[in-house]
Structure formats: C-alpha cells, structure tokens
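Colleague: Take this structure first; my questions come after.
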Amino acid sequence: MNDGQFPRTERPPGFSLMNGARRRGDRSLGDEDRYLFLEALMAAEERFCISYTGQSNRDNSSLPPSVLVAELADYISNSFAGTDGESPTSIFIRHRLQGFSPLYFDGHDPADLFSYDRETCQALEARRLSGRTVLEFMGDPIPLDSTELLKINLQQLARFLANPAAAFLEQRLRVMPFNPAEEADDSEPFTLDALPRYSLSQELVSQLLNGADQDECLAAARSRGLLPPLSGGVAAFNNAWEKCRQFVAKLTPHLGAPLEPLTVTFTSNNIHLTAILENCQGDTHTRWRCARMKGKDRLTIWLEHLLLNIADAEGYPRHSSMIANDQTLELPPIDNAAAFLSDLLDLYSEGMKRPLRFFPETSWLYLNENLTKAEAAWRGDQWRGFPGERDNQAVAICFGGEEPWGAEFEELAGRIYGPLIAVMRKQQSPT
C-alpha cells in the first residue's frame, strides 16, 4: 500500500463526458478503495498485516505509505499506549532491503524479523560455517603523536561527545559523510518541519527576551524565507510565537545580569582545552532550549559547568541550569570538576584513535529509563520521520548498523554520564 497506489487514482481520458461535475451514483475508485480497506480491517479477527515500501532503494530515505495507512497509524498512536503505559504503541516493523539479511534467521528478535525461506537459511548457514567473517571498519587504532600537545576548544569537545564517530571521521580521516536530509527540498512547504521550527523558535525566544514586536518578527521571518507562503506561514508563525511566549515566561525568572565572556584554559594528559564562556549571567549559569531536552544539551551544560567550577572566577557563578520545554536541569557547585573534565579529555584522546560506541540519547535512556526507550532512541520512528541515532551517516559508516549494546557501550555510558547523574541526584536530594 504505497503512497499514490492505494487508493487508486482515476485518470479518465480528456474526451470523456464524465469529466465534469460529479453526480450522485457516479463511480469513485478512491471511495471504493476506502470502503474495501474498512471492510478488510473489520473482517480481521486476530491479525491485520499491511506492507508498503517505506525506504528508497536509491538513498534509503523514508517513503510515506498510503494515506489510509497513515490515518490508521495516527488513530492507533493517539488511542493506545505501549507496554510502559506512556509512550505510544509501535505497530511498525522495519524490514531489511534484502530478504537474505542474516537478521531474519539469527533468532535475535523473532517477534519482529523472521523468514520461512529454507534455501536462504541454508545458504547463510553455509557461509557462516565456511569461516567467512565480516570486515570491520578499521583494525588497529590510529595512534596519536604523544610528543605534541593537542590543542582543542570547547566546541570540538562538545561535538565529540555529541557524536564520537562523526568527530573521528572529521578530525582523523577528513571524511564528512553526506546526509540526504541536508539536500534542498524541491517541493514548496506548507508547514514547518522539525528543524526549521526549532530554529525559528530559538530565534523568537531571543527576540522576545530583547522586547521585539510580533509584527516585526513576522516580517523578518517572511523576508528570510523561513515560513510557508500566505496564510499557512502566518498560522505557523503565530503558533510558534505563542509557544515561545510561554517559554519566555518560564525562562525569565532564571535570568540575571549579563557578565563579560570568561576565558578558561585547562591542560590534562597532553591535551590543552581552551573555552570562552559567553552569556554568563547572574548567580546561575543558564542555558535554554525551546524544545525537548536532548542528551547533547545535558553534555553541553555539563562541560560548561565543569569549566566554571574549575575557573572559580570571582563574580562568576558555580551553579548551572539547563531549561527546556519538558524539564529543567540544575547543577550545584562541585569540588572535583578537574578530575571529571580530565577523564573526558582522556576519552577524547581515545576517540581520536578509534570510533567510540557512545550515543548520547540512547545511552542516557539506557541508564535512566529502560531498554525499551533506549531501543526507540536508537532505531527512531521512521513512520513519524524521526531518525534514530543508528541512522546517522557517521554511525552507519563506523559501525555498519550493528546493535550498540555491549560492554563498551555500557562502560562509556556510565563513564560519561555517571558523574553528571551523581551531581543531579545530589541536587535533588533533601538537605
């Protein structure tokens, strides 16, 4: 049931006399197919299976299903919850591009992927017994020059923690993976996608904090081509403006008097880190994000918090907070910030030798929530257009689609997030 193929579309010849206004009793293939779909759904007793081509065989980009499947999926996600009682239930199974994928026969998750193809199973078993192994992305680590001081800045360290695989490819191999999502869209938008909506929201919050007028902001956004045309753009802007206005009301009490940028340097294990902390203000170093909090947001505020506590500069705060739409992260002053930052620099040095299996969102949910939510962050939601961390091009190049769970994944998650979680719990515990 691919998009455009079901329901069927009528294309009568131009000379047909029935091309005019429809009358009662005229046949409609689209309405007939909708009714057939409803009858099939109501006739199902235990299972109702639908298949469609959800990925392009050219660039692996997501393809939408039939509008009927989309409507059914929306109804189910809005009406039913998953086993945890909170997240929407998942009804999609993402199949592999080829039917001879080993995942159909290895028994790892038989509830999702399985096959009855005996010949393919025997062929895969024969290949496994022949001793043929899958080549890894790289063998031995690439050594660093231990005699030369490695100089990095705060942005480099933050990008590394946000995606160690991408940082390794960029810094050591000079490889910049191509992302199909970055291509210019050749269709005219009528709604704001996730990334443009986030960028607009961040900009509107900054303008609201400076006392900007709504009409002036609308005109500026239109002139820069950030909005869909005509009334659709106005509606999208008004919706974003109202949400940003509510966020600013939540954010304003946490802001204080602005301070001058603070330069901090730190050297450990042959790595020299330089950071310029801007927009420090009041008694609390506050960062904000007009969206849901992500793993990289926690890591960014954590790095800046460590540097502020290492510097311990007069007049500058040692308390930090990260404010998002869904939650607020508070970090109290700490005394062992240098040890925590030194360990992160050790990881940076190791990550410049080989790709590390650390994935911010998946690792955070694995430690703080449960494996089900961690798997959802890793795999994403192809139907809703939310890519998982495995869909990142750099991750796919370095790890080839392998599942992340293992000793290295657990060790890195605890090593990076462990100190942050301990500080958070210290802040939340009653005195």
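The values are calculated or read from the model by the stated rules, or taken from the named source; none is laboratory data. Worth saying up front: this structure is predicted, and the values here are computed from it rather than measured. Glycine gets a Cβ as well: all are built from the backbone with ideal geometry, and neighbour counts include every protein chain shown.
Colleague: Look at ASP74 and say whether it is closer than 28 Å to GLY380 by Cβ and modelled with pLDDT under 75. Show your work before the answer.
Modeller: Values: closer than 28 Å to GLY380 by Cβ: yes; modelled with pLDDT under 75: no.
When the stated conditions are applied, ASP74 does not pass them.
Colleague: Also: Going through the stretch 278-292 one residue at a time, which ones are in contact (Cβ under 8 Å) with a residue 60 or more places away in the chain and either of a type in the set (Lys, Arg) or in a strand (DSSP E or B) (or both)? First the steps, then the outcome.
Modeller: First, pick out the residues of the stretch 278-292 that are in contact (Cβ under 8 Å) with a residue 60 or more places away in the chain: 288-291.
TRP288, ARG289 - these are the residues of the stretch 278-292 that are in contact (Cβ under 8 Å) with a residue 60 or more places away in the chain and either of a type in the set (Lys, Arg) or in a strand (DSSP E or B) (or both).
Residues are listed down the side, and each one gets a yes or a no for (1) farther than 28 Å from GLY380 by Cβ; (2) at pLDDT 85 or above:
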residue: ASP26; (1), (2): yes, no
residue: LEU36; (1), (2): yes, yes
residue: MET42; (1), (2): yes, yes
residue: SER62; (1), (2): no, no
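Colleague: Follow-up. If TYR316 passes every condition in (1) within 18 Å of ARG292 (Cα to Cα); (2) more than 23 Å from the chain's Cα centre (by Cα); (3) among the hydroxyl-bearing types (Ser, Thr, Tyr) but one, which one does it miss?
Modeller: Result: TYR316 fails condition (1) only.
Colleague: Identify the single condition in (1) modelled with pLDDT of 75 or more; (2) touching an Asp or Glu at 6+ places or on another chain (Cβ under 8 Å); (3) over 30 Å from TRP302 (Cβ atoms) that ASP140 does not satisfy, given that it satisfies every other one.
Modeller: So ASP140 meets the others, but not (2).
Colleague: Something else about it: Give all pairs with beta carbons closer than 9 Å in which a residue from the stretch 412-431 that is modelled with pLDDT of 85 or more and of a type in the set (Phe, Trp, Tyr) meets a residue that is in a helix (DSSP H, G or I) and loosely packed, with under 14 Cβ neighbours inside 10 Å; count only pairs at least 6 apart in sequence or on separate chains.
Modeller: If the second residue must be in a helix (DSSP H, G or I) and loosely packed, with under 14 Cβ neighbours inside 10 Å, the pairs left are TYR417/ASN368.
Colleague: Of (1) within 20 Å of ALA311 (Cα to Cα); (2) modelled with pLDDT of 90 or more, CYS244 satisfies all except one. Which?
Modeller: Every condition holds for CYS244 apart from (1).
Colleague: Let me ask you something else. Cβ contacts < 8 Å: first residue free of Cβ contacts under 8 Å to residues at least 24 places away in the same chain, restricted to the stretch 216-240; second residue charged (D, E, K, R), any location; separation 6+ or different chain. Result?
Modeller: Taking only residues 6 or more apart or on different chains, the pairs are ALA221/GLU203; GLY233/ARG222.
Colleague: Give the residue, chosen from LEU192, LEU154, LEU208, that is in contact with a helix residue (DSSP H, G or I) (Cβ under 8 Å, 6 or more places away or on another chain) and at pLDDT below 85. Before the answer, list the steps.
Modeller: On the way: LEU154 fails: at pLDDT below 85; LEU208 fails: at pLDDT below 85.
Of the residues listed, the single one that is in contact with a helix residue (DSSP H, G or I) (Cβ under 8 Å, 6 or more places away or on another chain) and at pLDDT below 85 is LEU192.
Colleague: Residues that are modelled with pLDDT under 90, of a type in the set (Gly, Ala, Ser) and touching a Leu at 6+ places or on another chain (Cβ under 7 Å): does the stretch 227-239 have at least one?
Modeller: Yes: one or more hits.
Colleague: Go through the residues of the stretch 281-300 one by one and say whether even a single one is over 30 Å from ILE416 (Cβ atoms) and exposed (fewer than 14 other Cβ atoms within 10 Å of the Cβ). Before the answer, list the steps.
Modeller: Within the stretch 281-300, the first condition is being over 30 Å from ILE416 (Cβ atoms), and the residues that meet it are none.
The answer is no, given that none of the residues of the stretch 281-300 is over 30 Å from ILE416 (Cβ atoms) and exposed (fewer than 14 other Cβ atoms within 10 Å of the Cβ).
Colleague: Scanning the stretch 373-405 for residues that are among the small types (Gly, Ala, Ser) and modelled with pLDDT of 85 or more, which turns out nearest to ASP74 (Cα to Cα)?
Modeller: Going residue by residue through the stretch 373-405, those that are among the small types (Gly, Ala, Ser) are 374, 376-377, 380, 385, 388, 394, 396, 400-401.
Among the residues that remain, those that are also modelled with pLDDT of 85 or more are: 374, 376-377, 388, 394, 396.
On the way: ALA374: 23, ALA376: 18, ALA377: 20, GLY388: 20, ALA394: 31, ALA396: 29 Å.
Out of the qualifying residues, it is ALA376.
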